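What follows is a single structure, written as structure tokens, with notes after it.
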Amino acid sequence: MATKIILNRKNEWRNRARGFKVWIDGKEVGTIADGGSEAYPVEPGTHKLQCKIDWCSSPELELTVQEGETRFVQVGSGMKYYSLFTALMVLVLLSGPVIKYLQLKVPEEFTYLQLGVLVPFLLYYLYYLSFGRNRYLELKEDGTNLFR
């Protein structure tokens, strides 16, 4: 029985067009597509696993693999609140034209509401493209078979 690490990538809209580069022990060993799974044979022992996309990456995950053992790891976006922020931003930004189309009176505080949603979204996104770029992706070890 072979010793290997099986990497499963979540199916995500945000990164669907780009492959994640897979690094084991500081060497690029392949690429994993959106929603894909790849098996990487390794020698028994401790290994450091990392995924990268453009200038962003995941933190290194250290795995100890025994002879003949298969370890399962899941990779996905580390931006947990991206969808929530995006939905809220789209809702607030589209509400302006809808209010005008329905010829309703625009509340005075409406611009502040738009800024109150837009600014945190932009700061959140900019964080992951700058200071948090090494947390843009997330690796999680899964003790169960990921192919369920």
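Given labels modelled 7 Å from the Cα in the Cβ direction, how far is it in nm from ASP54 to ASP142?
Once both label points are built, they end up 2.6 nm from each other.
Assign unit charges at the C-beta atoms only (+1 for Lys and Arg, -1 for Asp and Glu), then state the dipole size of region 52-148 relative to its Cα centre in Debye, rounded to the nearest 20. Can you show the working numbers first?
Details: 9 positive and 10 negative charges, 93 e Å.
It works out to roughly 440 debye.
In the Gaussian network model of the chain, springs joining C-alpha atoms below 10 Å, which of LEU49, LEU88, LEU61 carries the largest mean-square fluctuation?
Comparing LEU49, LEU88, LEU61 in a Gaussian network model of the chain, the most mobile one is LEU88.
Taking the Cβ-Cβ separation of THR3 and ASN134 as r and a Förster radius of 25 Å, what is the calculated FRET efficiency to the nearest 0.05? Walk me through the intermediate numbers first.
Working: r = 28 Å, r/R0 = 1.12.
Computed FRET efficiency for THR3 and ASN134: 0.35.
Once you have the alpha carbon radius of gyration of the chain, what is it after dividing by 2.2 N^0.38 Å, with N set to its residue count? Don't jump to the answer; show the numbers that get you there.
Numbers: Rg = 20.6 Å, N = 148, 2.2 N^0.38 = 14.7 Å.
Dividing the Cα Rg of the chain by 2.2 N^0.38 Å gives 1.40.
What is the distance, in nm, between label points placed 7 Å from the Cα along the Cα-to-Cβ direction at GLU69 and at SER83?
Between GLU69 and SER83, the label points sit 3.2 nm apart.
For VAL119 and ARG14, what does the FRET efficiency come to when R0 = 22 Å and r is the distance between their Cβ atoms, rounded to the nearest 0.05?
Numbers: r = 20 Å, r/R0 = 0.92.
E between VAL119 and ARG14, to the nearest 0.05, is 0.60.
With an 8 Å Cα cut-off and a minimum separation of 6 or more residues, compute the relative contact order for the chain in percent. Numbers along the way, then the final one.
On the way: 255 pairs, mean separation 41.6, N = 148.
So the answer I get is 28 percent.
Give me the accessible area per residue for region 51-93, probe 1.4 Å, as a whole number in Å².
Value for region 51-93: 53 Å² per residue.
Could you work out [θ]222 nm for the chain from helices alone, using -39500 (n - 2.57) per DSSP H run of at least four and dividing by all its residues? Round to the nearest 500 deg cm²/dmol. Write down the numbers at each step before the final one.
Numbers: 2 runs with 40 residues, N = 148.
One gets -9500 deg cm²/dmol as the mean residue ellipticity at 222 nm.
Could you give the nm distance between label points at GLU62 and ALA39, where each point is 7 Å from its Cα heading toward the beta carbon?
It is 2.8 nm.
Given Cβ point charges of +1 (Lys, Arg) and -1 (Asp, Glu) and nothing else, what value in debye, to the nearest 20, does the dipole of region 47-96 about its Cα centre take? Numbers along the way, then the final one.
Numbers: 4 positive and 5 negative charges, 46 e Å.
That gives a dipole near 220 debye.
The values are calculated or read from the model by the stated rules, or taken from the named source; none is laboratory data. In this text, all values refer to a predicted model and were calculated from it rather than measured experimentally. No Cβ is skipped: glycine too gets one built from the backbone with ideal geometry, and neighbour counts run over all protein chains shown. Calculation scope for accessible area: heavy atoms of the full protein, side chains included, ligands and nucleic acids excluded. Shrake-Rupley method; radii C 1.70, N 1.55, O 1.52, S 1.80 Å.
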